[in-house]
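Structure record follows, encoded as structure tokens.
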Amino acid sequence: MMMQETIGRPMEILLIEDNLSDARLAIESLRDGQIKHRLTLICDGEEAVEFLSREGRFVRAPRPDLILLDLELPKKGGRELLDEIKHDELLRSIPVVVLTASRIHEEILRAEHLQVESYITKPVALEKFLKVVRDLRQFWLADMIVPSA
């Protein structure tokens with residue numbers, strides 16, 4: 001029988017987004033979806049590398065269960081960051097969902113064959129986000145949060 005309720009600890013979500021309005025909408029969608037989570041917001045690519053590498057002030061940073069990534073970031077672009085994540089043995093298993101500006105932009109990105117689990121068009125809509133989370137269950141270990149169906 002499938003799990004009837006949320007289990008384990010809160011899902012650790014890393015939101016890498018420099019546009020604070022878009023970040024706010026993503027955060028509200030998560031809250032409205034009643035997914036038990038802890039969210040960290042990082043606003044540029046270099047800071048994201050530090051966080052994921054657990055360097056400097058992020059030495060005690062939690063390992064994310066899910067990364068929501070905007071590709072248009074200051075200091076280090078999202079594509080470069082994504083490439084680093086997917087080539088790092090410790091990080092490559094973390095599902096990455098790219099936040100896109102439009103459906104047309106999503107199609108362009110799909111043509112690039114980026115190694116991501118999904119795309120969500122901004123502003124983040126609750127229904128689309130919850131569908132992506134449910135579709136990503138296969139990537140999560142048993143001790144991670146899995147929202148009930």
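Say a paramagnetic label sat at a point 7 Å from the Cα of Ala101, along Cα to Cβ; which residues of segment 33-71 have their backbone N under 18 Å from it? Zone members listed by number: 44-45, 69-71.
Among Arg9, Arg103, a tally of other beta-carbon atoms within 10 Å of each Cβ gives an order, fewest to most, of Arg103, Arg9. From the alpha carbon centroid of segment 74-90 to that of segment 18-55 is 16 Å. For the peptides 89-99, 62-72, the ranking by packing is 62-72, 89-99, with the highest mean count of neighbouring Cβ atoms within 10 Å listed first.
Model label sites at Glu55 and Leu20, defined 7 Å from Cα along the beta-carbon direction, differ in position by 2.7 nm. 3J(HN,Hα) along segment 12-27, derived from phi through the Karplus expression 6.51 cos²θ - 1.76 cosθ + 1.60 where θ = phi - 60°, amounts to 8, 10, 9, 9, 10, 8, 8, 8, 5, 5, 5, 4, 4, 5, 5, 5 Hz, with x in place of Gly and Pro. Between Lys128 and Glu72, the FRET efficiency from the beta-carbon distance, with R0 = 22 Å, is close to 0.65. Seen from every direction in turn and averaged, the convex hull around the alpha carbons of segment 22-108 projects onto 6.3 nm². For Leu39, the shell of other residues with beta-carbons less than 12 Å away shows a net charge of 0, using +1 for Lys and Arg and -1 for Asp and Glu.
Every number in this text was worked out from the coordinates using simple rules, so none of it is lab data. Computed from a predicted model, the values in this text were never measured in an experiment. Here the Cβ is made from the backbone with ideal geometry for all residues, glycine too, and neighbour counts use every protein chain on show.
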